[in-house]
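Everything below concerns the one structure shown next.
Nothing in this text is a laboratory measurement; each read-out follows from the coordinates by a stated rule. Since the structure is predicted, the reported quantities are computational estimates derived from the model, not experimental observations. FYI the Cβ positions are ideal-geometry reconstructions off the backbone, even for glycines, and counts take in every protein chain you see.
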């Protein structure tokens, strides 16, 4: 079968190693390339000097400030956000058994955007941390409502279809709220809301890194522990029950962790699209559907994809910057079309056309 | 005798080298009501808003500008100066790479000011006190004076005081002339860029509103700040004069929805640059508007409105 040789166990470990190397390369490129190019050796020297300060280490002037205060935290934050979005997308696609599922399925993006729009509209944007907190609260609120609707049936059991539809409906509602706030806002507020919606990491600093990296790492570890359960869930709820998994409890936990992780990521970076949708598919193409490998592959691929996209966003129209969400959409959209064509081609071959 | 010669020499030095003896460090209050201490005269200045660049050029210290943002209009004297990106989102890396002694015009929008200050870059943004801190907003001539005085304080030897004095005198002259004049209804309108949505008008607290009042006009829109209003409301208000940015004049005069407005029919739709209300040209803008509103008082024949630059 096409691609089967790649997915054989022998190649999975080397593939993960290769993905790890790709992450390292993308981070290296990310820290040295930008509006101000910092030679890789200089970058290594600066980072080494910061990690292991010695007597006589020489400051590299503005390169040090640029690298240590702006670029390095931004690149690390991009890697962490990419990891979060990719693994959450993988988990969502596994839980819902839906290839179109992404981390924003349950309305997090809509709720977070509405929260930020409201904060900007009422003039709280200059209050420290108000925007990330508003985004977090908005996102969590949206998911809480969606979940509440999905368990409102007589059996109180979580209904997948209701969950998805409620997420879509709530996204539309919050979208309308955001549009209204956009319309009523002044020009400056309007551009602020729009830029936030497009997603960006220009404001990422070490405090964001200290929040994002532990969340990303813990999430990957937790989802890896539940990888077997995700594999079983992909067979269907009944099968899962027969194999000793409580599907409702398992899904509840996985979705809760996904929601929390995505809300944290969105609060720091805005809504960056396509990472959570496309990266799991790309990883699945390469390493197969077994979540024991797929989670790790998605994490690494997501990290390098977003770091790469952020680098492109920084340099394409320098000194101005594109919102990174535009770059991920430009890359992700065509790739998704490619995946659809591949899927159609595979289906045609199966029915012998 | 020797002592006298020595004293004279010192006094001559003081007169010739103001940088050495002027009261540095100086302290300036910014739009957050925080004191910004400037230890020495800045020689590398980075400007993020065109208003500050215009002031620096007027103060004859434009040669110290090492970086700007993408200004909407080209200012003579700034050709060849590198840009650090758009004003709403300049590149922090490029700002730091230019090693400025001071950055004028960085606001709290998108956390820019905080992130620059956190790496030791000195930032000075002066505007209306008690206003929205992240806008550094200019609401009228008083804020213009505050900015000019602050910028000239950190650039010793510049003629900021003279500039402020001239603007005050010009405004006082206009005020004297229009004091008892009949107030003519006027509105400053900014058509929507897309052409689909309603226009925005300037209300109370905006520099346009202050300018209209100073010119002896009666602003027909009295709400707070800039507000998007419906076309019906604009037509209902029907001011005698409409003031628009010169680049957008045609959008108003050729808009069929506004054809029945008396300002349009009477060819009293006039162009005054938006930047004119928040720059050292504020007095000139007020004077031109006053001349349009009260041509007889300014010994000017009534003209079809011309574009003012």
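Pairing the Cα long axis of helix B:141-153 with the longest principal axis of chain B, what angle in degrees results, from 0 to 90 and rounded to the nearest 10? Computed tilt is about 20 degrees.
Once you reduce region B:49-116 and region A:232-274 to the center of their Cα atoms, the two points are 47 Å from each other. Once you order the gyration tensor axes a ≥ b ≥ c over the Cα atoms, which shape class does chain B get: rounded for a/c under 1.5, otherwise prolate or oblate by comparing a/b with b/c? Verdict is prolate for chain B. Among A:189, A:321, A:238, the residue with the largest mean-square fluctuation in a Gaussian network model of chain A, with springs joining Cα atoms closer than 10 Å, is A:238. What's the angle, to the nearest 10 degrees (0 to 90), between helix B:282-293's Cα axis and the longest principal axis of chain B? For B:282-293 against chain B, the angle is about 20 degrees.
Between residue A:228 and residue B:224, how high is the FRET efficiency from 1/(1 + (r/R0)^6) when r is the Cβ-Cβ distance and R₀ = 60 Å? Nearest 0.05. Could the numbers behind the result be given before it?
Values: r = 61 Å, r/R0 = 1.02.
My answer for the efficiency is 0.50.
Look at the stretch B:110-119: the mean tally of other chain Cβ atoms within 10 Å of its residues' Cβ atoms is 4.
Over the whole of A:194-201, what's the average partner chain Cβ count within 10 Å per residue? Rounded to a whole number, please. Could the numbers behind the result be given before it?
Details: counts 0, 4, 1, 0, 0, 0, 2, 0.
Mean number of neighbouring Cβ atoms from other chains: 1.
Mind jotting down a quarter of the surface of the convex hull over the alpha carbons of region A:236-353, in square nanometres, one decimal? Don't jump to the answer; show the numbers that get you there.
Values: hull surface 39.2 nm².
Computed as one quarter of the Cα hull surface, the answer is 9.8 nm².
Between the beta carbons of residue A:330 and residue A:194, assuming R0 = 25 Å, the FRET efficiency works out to 0.90 to the nearest 0.05. Each stretch of four or more DSSP H residues adds -39500 (n - 2.57); spread over every residue of chain A, this sum gives -24500 deg cm²/dmol at 222 nm. Take chain A, connect every pair of alpha-carbon atoms lying under 10 Å apart with a spring to form a Gaussian network, then pick out the residue of A:224, A:343, A:284 with the largest mean-square fluctuation. Greatest mean-square fluctuation among the candidates belongs to A:343.
How crowded by other chains is B:226-238, given as the mean number of beta carbons from other chains within 10 Å of each beta carbon?
Details: counts 3, 2, 5, 0, 0, 0, 0, 0, 0, 0, 0, 0, 0.
Rounded to a whole number, the mean comes out at 1.
In this simple spin-label model, placing a label point 7 Å from the Cα along the Cα-to-Cβ direction at both residue B:267 and residue B:5 gives a separation of 7.5 nm.
Need one number: % antiparallel among DSSP beta bridges in chain B, to the nearest 5. Numbers along the way, then the final one.
Details: 9 of 29 bridges.
Close to 30 percent.
I'd like the orientation of helix B:160-178 relative to chain B: the angle between its Cα long axis and the longest Cα principal axis, in ° from 0 to 90, rounded to 10. On a 0 to 90 degree scale, this one is about 20. Hey, rough spin-label estimate for residue B:255 and residue A:337, points 7 angstrom out along Cα→Cβ, what's it come to in nanometres? The modelled label-to-label distance comes out at 3.8 nm.
Overall, the anisotropy analysis places chain A in the oblate class: the square-rooted eigenvalues a ≥ b ≥ c of its C-alpha gyration tensor yield a/c not less than 1.5, with a/b not exceeding b/c. A crude spin-label estimate for the pair residue B:183 and residue A:161, with each label 7 Å from Cα along the Cβ direction, gives 6.6 nm. Comparing A:191, A:304, A:134 in a Gaussian network model of chain A where C-alpha atoms under 10 Å apart are linked, the largest mean-square fluctuation is found at A:191. For residue B:238, project a label point 7 Å along Cα to C-beta. Then give me every residue of region B:266-280 with its amide nitrogen under 20 Å of that point. B:266-270, by backbone N distance to the label point.
Under the shape rule built on the C-alpha gyration tensor, where the axes satisfy a ≥ b ≥ c, the protein assembly as shown is oblate, since a/c reaches at least 1.5 while a/b does not exceed b/c.
Residues in region B:227-245 near a label at residue A:184, defined as backbone nitrogen under 14 Å from the 7 Å Cα→Cβ point? Zone members listed by number: B:228. Were the residues from residue A:51 through residue A:129 laid out at 0.36 nm apart, the gain over their Cα-Cα distance would be 25.3 nm. Calculated from the alpha-carbon coordinates, region B:38-190 shows an Rg and a Dmax of 17.0, 56 Å respectively. Counted residue by residue at 0.36 nm each, then reduced by the alpha carbon distance between them, the extension gain from residue A:345 to residue A:97 reaches 87.2 nm.
What is the antiparallel percent of DSSP beta bridges lying wholly in region B:166-295, to the nearest 5? Don't skip to the answer; put the middle values down first.
Working: 5 of 15 bridges.
Antiparallel: roughly 35 percent of the beta bridges in region B:166-295.
Region B:215-289 and region A:282-339 have Cα centres spaced 48 Å apart. Semi-axes of the equivalent ellipsoid of region B:135-186 are 28, 15, 5 Å, computed as sqrt(5λ) over the eigenvalues of the C-alpha gyration tensor in descending order.
Across the alpha-carbon set of region A:297-353, the Rg to Rh ratio works out to 1.21, Rh being the Kirkwood radius. On the basis of the beta-carbon distance and an R0 of 45 Å, residue A:172 and residue B:298 show a calculated FRET efficiency of 0.20.
Report the antiparallel proportion of the DSSP beta bridges in the protein assembly as shown as a percent, rounded to a multiple of 5. Close to 30 percent.
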